[in-house]
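Engineer: I have a structure I would like to understand better, so I am pasting it below and will then ask my questions one at a time.
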Amino acid sequence: MTSDGAARVTKVVIVGGGTAGWMTAAALSRLVPSGVSVTLVESEEIGTVGVGEATIPPLLDFNRMLGIDEDAFVRATGATFKLGIEFRDWARLGDAYLHPFGTHGRDIGGVSFHQLWLRQAALGNPDPGPIGDYCLSAVAARRGRFTRPSANPESVLSTLFYAFHFDAALYAKLLRDMAEQDGVVRVEGRVVAVERDAGTGFIEAVRLEGDRRIDGELFIDCSGFRSLLLGDALDVPFTSWKHWLPCDRAWAVPSQRQGGLTPYTRATADTAGWRWRIPLQHRVGNGYVYSSAHIDDDDARRALLAGLEGEALGEPRQLRFEAGRRDRLWERNCVAIGLSGGFLEPLESTSIHLIQSGITRLMSLFPDLGFGVTEIDEYNRVMLREYEQVRDFIILHYHATERSDSPFWDRCRTMAIPASLSAKLALWSGKARVFREQGELFTPDGWIAVLLGQGIRPASFDPLASALPADESARFLAHVRDVIDKTAAAMPTHEAFIAQNCAART
Ligand code: FAD
C-alpha cells in the first residue's frame with residue numbers, strides 16, 4: 001500500500017528487447033525496490049532495428065546510474081569517444097562545421113562568450129577566427145585527440161564533454177546480462193494479442209503464440225515502430241512531422257575501418273538527405289537517410305556505397321520510418337519508450353537519449369495502482385515538449401541552408417517552419433539571444449554552433465558586450481584561444497587513449 005492508500009505496482013511487463021527494452025529493464029531492475037517483478041518479452045524472429053550507434057553526453061549519467069564501469073563498457077561495445085558532430089555541405093556545398101559538445105570560452109560579468117566573440121568579429125582587427133576555436137571539444141576533435149575532462153572547474157579541461165559511438169547490439173547484450181542477473185525474466189515469443197479490461201480499458205495481459213499469457217499491472221511498450229500496445233491496442237494516434245522532416249528511409253551498411261579514428265560523427269548532406277559516418281573500434285557504421293519522394297531507392301543505395309571509405313561489410317539494409325510521435329506516450333497503464341512512442345531521424349543522435357529521458361521521467365513519476373492522472377499528464381507534457389524541442393533543432397539544419405542544387409534542398413529551404421522554431425530564430429536574428437527552455441536537451445552552446453555553422457548571422461549583438469574595453473576584450477579572446485590550443489595539443493590521440501585505457505579485445 002502506498003501513502004495515499006493505493007496498492008503498489010508489483011508486476012511490470014516490457015514488450016520488446018531492442019535498445020529501449022533492455023535499457024528500461026536494466027534501469028527498473030536496478031532502481032525499483034525489491035518486490036517488483038519485471039518480465040521482458042521479445043521475439044528473435046522479429047528482431048530489432050539494429051542501428052543506433054551515435055550518442056550524446058547524457059548517456060554517461062545513465063551508465064553511471066546503473067553502475068557501469070566506463071572502460072569496461074567501451075571495451076564491451078567496441079566504442080569510441082565522440083566530441084561532437086561534423087556537418088559537411090549543409091549550408092553550402094564545400095562547407096563544414098562542427099557541433100561540439102562542451103562550451104565556448106567563458107562568460108564575463110553576465111555577458112555570454114559568444115556575444116564577446118560577435119562584437120570582436122564586428123570590430124575586426126584582429127579577426128577572432130571561427131567560434132569553434134574557443135571550444136576545447138571542437139579543437140580536440142579536429143586534431144583527432146581525446147582525454148577525459150577534469151573535475152576541477154578552474155581547468156579548461158572541465159569544459160570538455162563527450163559521448164560514445166558504440167555497437168548498439170553489444171550495448172543491449174551488456175544491459176541484458178545485467179538485467180537478468182538482477183532478476184528480470186526474459187520470455188522468448190511473439191505477442192499476438194493484447195487483453196484489456198472491458199470497463200477501464202487498462203491492459204491486463206499480453207497473449208503469446210503457443211497460447212501463453214503474461215499478465216501485468218504496468219506495461220512498457222518497447223515494441224519499436226510496430227507500437228503494439230500504445231498504438232495498436234490503445235489506439236493512441238500518431239502525429240506525423242513529415243511535412244517538416246521528409247526523410248523517410250535509410251540504407252545502412254558497416255564498412256572496414258581505414259586510417260585514424262575520428263572522435264566525432266560525420267553527417268554529410270547529399271542530394272536528397274544526408275549520410276552518416278560513425279567510427280567504432282572494429283568497423284565504421286554508415287548510412288544514407290533520404291526522402292523517397294526525392295530519390296529512388298537504388299540511387300540512394302549507390303550514393304551510400306560510393307561514399308564509403310573502406311570496403312562494405314555485407315549488403316546494405318533498408319529501414320523505413322516516418323518522423324513524428326504518438327499524441328500521448330503514457331496512456332492508462334502503458335508507457336511507450338523508444339520507437340513505439342515516436343521517431344526523429346538520427347541527425348543529432350537523439351533517439352537513445354529520448355529512451356533514457358523516458359526511463360528517468362518514469363522513475364521520477366513511478367505510479368501505484370491508482371495511476372494518478374495528474375502524474376500521467378505531467379509525464380506526457382514534458383516528454384512531448386522534449387520531442388518538439390529536438391524536432392525544432394533538427395529542422396533548423398535543413399531549413400537554414402543556401403543550397404539550391406536539388407528539389408529536396410529547395411523544399412527544405414523554402415518550407416514553413418514550426419512557430420516555436422521561428423520564435424527562436426527571431427531572438428537570434430536580432431541580438432543573438434539564445435535561451436534554454438526548462439528541461440531542454442540542447443544547450444545554448446549547441447544552438448550557437450549550429451546557427452553560426454549554418455550561416456545565420458545575427459544583425460547585432462548584446463549591447464552589454466561593448467562594456468568591456470575593446471583591447472581588453474581582444475586580449476581575453478586571444479588568451480582563451482591560446483589556452484585551448486595548447487591544451488588540445490597536449491592531449492593523447494584518440495587512438496592512443498583507447499589503446500592505453502579501453503581497447504576492445506579482438
Ligand atoms: P526495436 O529495436 O525495433 O526493438 C523492438 C523490439 O520489439 C524487438 O525486440 C522486437 O523483437 C520486439 N517486438 C516487436 N513486435 C513484437 C511482437 N509482436 N512480439 C514480441 N516482440 C516484439 N538512435 C541513436 O540514438 N543514435 C543513432 O545514431 C541512431 N541511428 C539510427 C539510424 C536509423 C536509420 C534508425 C531507423 C534509427 C536510429 N536510431 C539511432 C534510433 C535507434 O535505433 C532506436 O531508438 C533504438 O534502436 C531503439 O529501438 P527500439 O528498442 O525502440 O525498437
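Engineer: How far apart, in nm, are the 7 Å Cα→Cβ label points at Arg385 and Val483?
Structural biologist: Between Arg385 and Val483, the label points sit 3.4 nm apart.
Engineer: How much mean residue ellipticity at 222 nm does the chain get from its helices, if each DSSP H run of length 4 or more adds -39500 (n - 2.57) and you divide by all residues, to the nearest 500 deg cm²/dmol?
Structural biologist: -10500 deg cm²/dmol
Engineer: Let me ask another. Got a sec to turn the phi values of region 134-141 into Karplus ³J(HN,Hα) couplings, 6.51 cos²θ - 1.76 cosθ + 1.60 with θ = phi - 60°, whole Hz, x for Gly and Pro?
Structural biologist: Working through the residues one at a time gives 9, 10, 4, 4, 5, 5, 5, 4 Hz.
Engineer: Additional query: By average Cβ neighbour count within 10 Å, what is the ranking of 314-326, 173-185, 94-106 from highest down?
Structural biologist: My ranking of the peptides, most packed first, is 94-106, 173-185, 314-326.
Engineer: Per 0.36 nm of contour for each residue apart, how much would the distance between Asp410 and Leu468 grow if the chain were fully extended, relative to their Cα-Cα spacing?
Structural biologist: Residue separation times 0.36 nm, minus the Cα-Cα distance, leaves 16.6 nm.
Engineer: Calculate how steeply helix 168-181 sits against the longest principal axis of the alpha-carbon atoms of the chain, using the helix alpha-carbon long axis, and give the answer as 0 to 90 degrees to the nearest 10.
Structural biologist: 50 degrees
Engineer: Still on this model: Which loop-located GluC sites (Glu not before Pro) does region 68-168 contain, where loop means any DSSP state but H, G, I, E or B and the Cβ has at most 15 other Cβ atoms within 10 Å?
Structural biologist: Sparse-neighbourhood loop GluC sites (Glu not before Pro): Glu154.
Engineer: What length, rounded to one decimal in nm, is gained on full extension from Glu322 through to Asp61, with 0.36 nm per residue of separation minus their alpha-carbon distance?
Structural biologist: 91.0 nm
Engineer: How much length is gained if the chain between His282 and Ser240 is pulled fully straight, taking 0.36 nm per residue apart and subtracting their Cα-Cα distance, in nm to one decimal?
Structural biologist: 11.5 nm
Engineer: Once Lys and Arg get +1 and Asp and Glu get -1 on their Cβ, which of Ala496, His99, Thr374 lies farthest toward the positive end of the dipole of the chain?
Structural biologist: Checking the options against the dipole of the chain, the answer is Ala496.
Engineer: So, one more: What distance in nm separates the two pseudo spin-label positions at Arg106 and Glu45, each 7 Å out from Cα along the beta-carbon direction?
Structural biologist: Result for the modelled spin labels: 6.2 nm.
Engineer: In addition: Taking the Cα centre of the chain as origin, work out the dipole magnitude from +1 charges on Lys and Arg Cβ and -1 charges on Asp and Glu Cβ, in debye rounded to 20.
Structural biologist: For this selection, approximately 860 debye.
Engineer: Taking neighbour counts of Cβ atoms within 10 Å as a proxy for exposure, in what order, fewest first, do His294, His165, His479 appear?
Structural biologist: His479, His294, His165
Engineer: What chymotrypsin sites (Phe, Trp or Tyr not before Pro) in region 162-269 are in a loop by DSSP, with at most 14 other Cβ atoms within 10 Å of the Cβ?
Structural biologist: Passing both the DSSP loop test and the Cβ count: no residue.
Engineer: Mind listing the long-range amide H neighbours of Ile14? Cut-off is under 5 Å, sequence gap 5 or more, other chains count too, H placed in the peptide plane at 1.01 Å from N.
Structural biologist: Distant-sequence amide H within range of Ile14: Thr39, Leu40, Val41, Ile220.
Engineer: Holding the Cα-Cα limit at 29 Å, pick out from Lys82/Lys486; Lys11/Lys82; Lys11/Lys173; Lys242/Lys424 the pairs that are longer than that.
Structural biologist: Lys11/Lys82
Engineer: Simple spin-label model, 7 Å along Cα-to-Cβ: Arg212 to Ala312 in nm?
Structural biologist: 3.7 nm
Engineer: Count neighbours as other Cβ atoms within 10 Å of each site's Cβ, and list the GluC sites (Glu not before Pro) in region 350-427 that are DSSP loop with at most 15 such neighbours.
Structural biologist: Filter output for region 350-427: Glu402.
We did not get these values from a lab; they are worked out from the coordinates using the rules stated. Since this is a predicted model, take the numbers as computed values, not measurements. Cβ sites come from the backbone with ideal geometry, for glycine too, and all protein chains shown count toward neighbours.
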